[in-house]
Amino acid sequence: MKNITVLVSGGGTNLQRIIDCIDSKEISDAKINLIVADRECFGLERAKNHQISHQLIKRGKDFSENLENAIPENTDLIILAGFLSILNKEFCEKFEGKIINIHPALLPKFGGKGMWGNHVHQAVIEAKEQESGATVHFVTSGIDEGEIILQGKVKVDVDENIETLAKKIHQIEYEIFPKAIEKVLRY
């Protein structure tokens, strides 16, 4: 049985997808051993609703150290599911090859500092891109610079707006995230 720790900052829709895929065995032989949030959010409610161990670690001076201490020793994979805090270099190096993230664009385009959520979709639309998508990648100390595990693409329509593009990207995320997690766990 593989143990997964999930880090969240928001509503936890990707977290819910992971929970559902573990329950349905789409992600096989795995369980979530801990959910950590860096702020009060609905992701913590999802943890409570599914009786999954959870913890709130607020951002601050000792955030990375507190997070590192909270990660159970038997964790096989750390998943960032809408996690907005930047992990420090030491944390990334300690868990190298064991942390993955989903990004709402086709990396290496539209990644890096400030490129998250609707900021990404706005940049894609302003650049008049014909396609966008989502990328699951390994986390390194460089923001959105880790090795790509899996990508999924969507067409960007001429009349696309942030909301319609975000909805398309979420669907792609729900499709590729479980596949990427299963791939990494069986690597």
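Data for the structure
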read-out: Those residues of the stretch 64-99 which are aromatic (Phe, Trp, Tyr) and either farther than 14 Å from LEU34 by Cβ or in contact with a Leu (Cβ under 6 Å, 6 or more places away or on another chain) (or both), in sequence order; value: PHE83, PHE91
read-out: Selection within the stretch 150-176 - within 9 Å of ALA134 (Cα to Cα), surrounded by 16 or more Cβ atoms within 10 Å (Cβ to Cβ) and either within 15 Å of the chain's Cα centre (by Cα) or of a type in the set (Phe, Trp, Tyr) (or both); value: LEU150, GLN151, GLY152, ILE169, ILE172, GLU173, ILE176
read-out: Qualifying positions in the stretch 9-49 - in a strand (DSSP E or B), in contact with a His (Cβ under 9 Å, 6 or more places away or on another chain) and either under 21 Å from GLY97 (Cα atoms) or acidic (Asp, Glu) (or both); value: ILE32, LEU34, ILE35, VAL36
read-out: Filter pass, ARG59 being farther than 19 Å from LYS98 by Cβ and touching a residue at least 60 places away in the same chain (Cβ under 8 Å); value: no
read-out: Answer residue from the stretch 121-149, given it is among the β-branched types (Val, Ile, Thr) and either more than 15 Å from the chain's Cα centre (by Cα) or surrounded by fewer than 17 Cβ atoms within 10 Å (Cβ to Cβ) (or both) and is nearest to ALA180 (Cα to Cα) among those; value: ILE148
read-out: Subset of the stretch 68-84 that is free of Cβ contacts under 8 Å to residues at least 60 places away in the same chain and out of contact with any strand residue (DSSP E or B) (no Cβ under 6 Å at 6 or more places or on another chain) - its residue that is surrounded by the most Cβ atoms within 10 Å (Cβ to Cβ); value: GLU68
read-out: Filter result for ASP38 (surrounded by fewer than 19 Cβ atoms within 10 Å (Cβ to Cβ), of a type outside the set (S, T, N, Q) and at pLDDT 95 or above); value: no
read-out: Near pairs, Cβ below 9 angstrom, 6+ apart or cross-chain, from the stretch 166-177 (farther than 11 Å from ILE18 by Cα and of a type in the set (Gly, Ala, Ser)) to any residue that is modelled with pLDDT under 95 and assigned to a helix (DSSP H, G or I); value: ALA166/GLY117; ALA166/ASN118
read-out: Residue match in the stretch 105-125 (condition: farther than 21 Å from PHE83 by Cβ, among the polar types (S, T, N, Q) and either at pLDDT 95 or above or in contact with a strand residue (DSSP E or B) (Cβ under 8 Å, 6 or more places away or on another chain) (or both)); value: no
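The values are calculated or read from the model by the stated rules, or taken from the named source; none is laboratory data. Keep in mind the model is a prediction, meaning the values are calculated, not measured. Please note: Cβ atoms are built from the backbone with ideal geometry, for glycine as well, and neighbour counts cover all protein chains shown.
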